[in-house]
Amino acid sequence: MKVRVASAGTGKTASLVLRYLELIASGTPLRRIGGVTFTRKAADELRVRVGQAIEDVLSRGQHLDFVAPTGSQPAFQEAALEITGATLSTIHGFMAWCLRLAAPMLHLDPDFAMLGDWEAQALFEEEWNSLRYLAADPTHSLHGRLSGDLTEPLLHLFSKRSLAEVFEPAEGEANRDFLQVYQTVYAAYEARLGARLLSPSELERKALELTRHPRALKRVLERVWVLLVDEYQDVNPLQGAFFEALERAGLNLEIVGDPKQSIYAFRNAEVAVFRKALQEGERQPPLVRSYRHSQILVRFLNGLTKELASQGQGFGPEEAPPVEGVRLERGRLEVHWVEGELALDELRKQEAWVLARRLLDLSAQTAFSEMAVLVRSYQSVHFLEEAFTTAQVPYVLLQGRGYYERQEVRDLYHALRAALDPKGLSLAVFLRSPFGQHTEEGPLRPLELAEIEEVLRSSDPLQALERRWPSVHERLRQIQSRLRLEAPLEALKYLIRAPLMAGRAYHDFLEPRARENVDALLFYFAPRPPQSLEALLERLELLSRQADAGDVPQSGEGVQILTIHRAKGLEWPVVAVFDLGRRNTHQTQPLYLSRGMEESPRITQWVALPQTPQFERFKQQMKALEEEESYRLLYVAASRARDTLLLTASASNGQSAGWGRVLEAMDLGPRSPSYNRPEFVLQTWHYQPIPPAPAIGPSEPPESSPWVEARFDLEPFPPLFSPSAYKRLEAEPLPLPDPEEGEALPGRARAIGTLVHYAIGQNWRPDNPAHLANLEAQEVMFPYGPDERSGIMEEVKALLQSYQGLLGTQLPWPRDEDYPEFAVALPLGSTVWQGVIDRLYRVGGQWYLEDYKTDQEVRPEQYHFQLGVYLAAIRQAWQVEPEVRLVYLRFGQLIRLDKAVLEAALDEIRPSANF
């Protein structure tokens, strides 16, 4: 097993893409390479990136630093044909793919379906309730042994089943009795699943079972020769055991991850799995070049990881190699403390106020929508909301994940499914949801589980439903009739809004947040209504499997407020981490697990209930693991910033707490000397009351606007458009792209144009080695190998020399006013035309508007419309009459343009712009 550590922002995805290319070039067909990532979105992105890299190799013979060996072209041509069907998926997707290859050998239906976690828990809970009912019979083997309410510990243990193949009782009779109950309920739950249903944890167990079946394992190894696994720090023990078993069987396994970013213990991830691989596997050189962070943030993150590693807080030294920054921007780090003799909650109010004021100051350079404030817990959010409202800082509160697995969304899914095929799981969910409310015995009430079970066990569930609860049967019949008559989206609206339950609609049973989720479901499908009910259901099912699908965020734009867990994988130019003084709190669990020291052929966890001998020891082990993870959470938070990082904390009575102690250990505490430099601020604020929030009185509901019923024709152009997009000018330079975000990389001609324009805008000279080195370090150069980079830089240097030769001769120099890269916007009709003037300057009383071209031929007519927009914008904004000129750098030629010709070019759009 090859193991690589990749710190935040070091180009992990790019390294995986390069590994694909190396394997293809070495003779491994793409169809024999498996790729596994943490989310569907990441898998889709990797597929696109690999496909683009293969196209680069086919068209140019190279991609980034990879140069295709002689004779490898046929292999890449074959790979280009195979990319759409390549094995690239999530861990569960890959496991399901393996199981379908050998399903009959494992007593599975090859067409097995997947249950969501919440659906699996509902089935387990139903079996537990059934057992409690049956155990009331004196003849039952568990009669009298179900002391107390075991529901909470049973559900907790059920949620932890990805941690172990086997649960064993720790010392104590209560633990043994409890495990017997759990195993009885779990056996009944497995029987309910049968051969056609698997939940994520049962999928993992079946996949591990496959690795112990020689014939089934052989089928997998025949189809996959190399497996690349991303984000390995986030796997759970069963997943880790599965990959280890594949590797022992002969599969070439290569993993990459960052133990410093292992923060998903609540999802059963264990950083110990990665550490075991790191200890036993073949270590590869770590990725240590940060393409994300500014120079000051690289220094801070290196200091942070060094401090935490030296204290054994979260990770060890081998997991935190020093990182070097690629970007030349200095960046900014700010640490703000609020100190006082009051309770922390009072100090947090001023801490939030200080942060709000700093974000207001920074908004002069960075838009609020490019900022994020990260918190450990939503308990910190109300301080921010109050301060941001008072300071008039716009903000958006982003919620948690799992939108498409929310109860209200799944209710609607199963209601539609039950109307199509009224049986099985979907009928059960329909009857248990508000749609199952009935009035047969008086006021509206839901069906009991025993009543639902009676319907499902009958030979004809619909007949049984009609006989016992005709109102529910009639409701189902009404929905079925509506589905036959209306389009899927209209049927979905009917389900949500129709008063089907004694005058009440489905949304009347929901809390406000759930109603927003349901409304958002309609908004999601409205632009692209599914053509059939089957397509609607399939889309909902696919979305439910996405781990990163969140609750509906608040509308609007502004500073994004979200938890650190929610921010994993994201980045912003400005990031603030609020409330570093919050202590790590542990919520007591209904039981605790411990791996134990005993060697076992199967992964085993020992279970301890309260009031048993090992409970406290297991609890302390869990608290220590949570404490470790909390420091990794700090690293994840700090590494989300690209340019500027703000850290805020409160200290009551001079005592720092939580992550504040880490800052104090780095000499960044409340009593450390203050600093106020362009790139670094360290300041302690002494408590003082903050101004109250402005009072907002009640508002009258607005009257209906007269244009509510109006219909508008499509406009000829988008609301925001550029002249170059209108004319599709191929030689127009691009903004510097971000390959880490999947942005398209330009070809050679555009790369040259982009670098030349950037250098002219910065007043960089071709005879300055530092300027040329800075240009060559831009990300636009990353796709090119050393030889091609050298050729590009020679051409860039020659064009810049041509520009320098024109200065002082055809191009006036010096200048009284000079504005490089001058952004303009011109409203014309319903469209705002935007662009960037390469140079606008004044010499004496004469203004000049210049556009620099690196084209291979002189065709000024190609740019008349673009420069006509620029001229009109300058006239409108500044009331000046500049001389408009095109400068062809490749030819050293300057062309003065007739303003009447430019005005005529604008007339092309005037008739359609509704002037």
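Some notes on this structure:
Table: residues versus (1) modelled with pLDDT of 95 or more; (2) in contact with a His (Cβ under 7 Å, 6 or more places away or on another chain); (3) surrounded by 23 or more Cβ atoms within 10 Å (Cβ to Cβ).
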{"site": "Leu301", "(1), (2), (3)": "yes, yes, yes"}
{"site": "Leu328", "(1), (2), (3)": "no, no, no"}
{"site": "Leu342", "(1), (2), (3)": "no, no, no"}
{"site": "Arg357", "(1), (2), (3)": "yes, no, no"}
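- Tally of residues being under 26 Å from the mean Cα position of the chain (by Cα) and either open to solvent by 20 Å² or more (accessible area, probe 1.4 Å) or small (Gly, Ala, Ser) (or both) across segment 314-326: 8
- Count of residues meeting criterion [within 30 Å of Leu253 (Cα to Cα) and of a type in the set (Val, Ile, Thr)] in segment 276-308: 2
- Pro104 vs. criteria surrounded by fewer than 16 Cβ atoms within 10 Å (Cβ to Cβ) and either in a loop (DSSP other than H, G, I, E, B) or of a type in the set (S, T, N, Q) (or both): no
- Wholly within segment 445-492, helices (runs of 4 or more DSSP H) carrying at least 1 residues that are in contact with a Ser or Thr (Cβ under 7 Å, 6 or more places away or on another chain): 461-468, 470-485
- Of the residues making up segment 875-889, just one is within 14 Å of Pro860 (Cα to Cα) and part of a loop (DSSP other than H, G, I, E, B), namely Leu889.
- Selection count, segment 355-371, where residues are over 18 Å from Leu663 (Cα atoms), aliphatic (A, V, I, L, M) and in contact (Cβ under 8 Å) with a residue 40 or more places away in the chain: 3
- Residue within segment 621-643 that is in a helix (DSSP H, G or I) and over 18 Å from Ile263 (Cβ atoms) present: yes
- Check on Arg839, basic (Lys, Arg), open to solvent by less than 20 Å² (accessible area, probe 1.4 Å) and touching a Pro at 6+ places or on another chain (Cβ under 9 Å): yes
- Positions within segment 165-186 being open to solvent by 40 Å² or more (accessible area, probe 1.4 Å), assigned to a helix (DSSP H, G or I) and not charged (D, E, K, R), in sequence order: Ala174, Gln180, Gln183, Thr184
- Just one of the listed residues (His586, His565, His507) is open to solvent by 40 Å² or more (accessible area, probe 1.4 Å), under 19 Å from the mean Cα position of the chain (by Cα) and at pLDDT 80 or above, namely His565.
- Counting the residues of segment 780-817 that are assigned to a helix (DSSP H, G or I), more than 30 Å from Leu18 (Cβ to Cβ) and within 48 Å of the chain's Cα centre (by Cα) gives 7.
- The condition (being of a type outside the set (Val, Ile, Thr), over 28 Å from Phe782 (Cα atoms) and open to solvent by less than 20 Å² (accessible area, probe 1.4 Å)) is satisfied by just one residue among Ala249, Ala272, Ala277, Ala265: Ala277.
- Unique residue being in contact (Cβ under 8 Å) with a residue 60 or more places away in the chain, open to solvent by less than 40 Å² (accessible area, probe 1.4 Å), of a type in the set (S, T, N, Q) and within 29 Å of Glu351 (Cβ to Cβ) when the list is Thr604, Thr648, Thr612: Thr648
- Selection within segment 438-482 - touching a residue at least 40 places away in the same chain (Cβ under 8 Å) and farther than 22 Å from Tyr506 by Cα: Ala450, Glu453
- The residues of segment 281-294 that are open to solvent by less than 60 Å² (accessible area, probe 1.4 Å) and over 25 Å from the mean Cα position of the chain (by Cα), listed by number, are Gly281, Gln284.
- Test for Val235: is it among the β-branched types (Val, Ile, Thr) and open to solvent by less than 10 Å² (accessible area, probe 1.4 Å): yes
- Residue under evaluation Leu157, criteria (1) open to solvent by 70 Å² or more (accessible area, probe 1.4 Å); (2) closer than 30 Å to Gln614 by Cα; (3) modelled with pLDDT of 90 or more, criterion not met: (1)
The values are calculated or read from the model by the stated rules, or taken from the named source; none is laboratory data. The shown structure was predicted, so the numbers you read here are calculated from the model rather than taken from an experiment. Counting neighbours? That spans all protein chains shown, and the Cβs are built from the backbone with ideal geometry, glycine included. Calculation scope for accessible area: heavy atoms of the full protein, side chains included, ligands and nucleic acids excluded. Shrake-Rupley method; radii C 1.70, N 1.55, O 1.52, S 1.80 Å.
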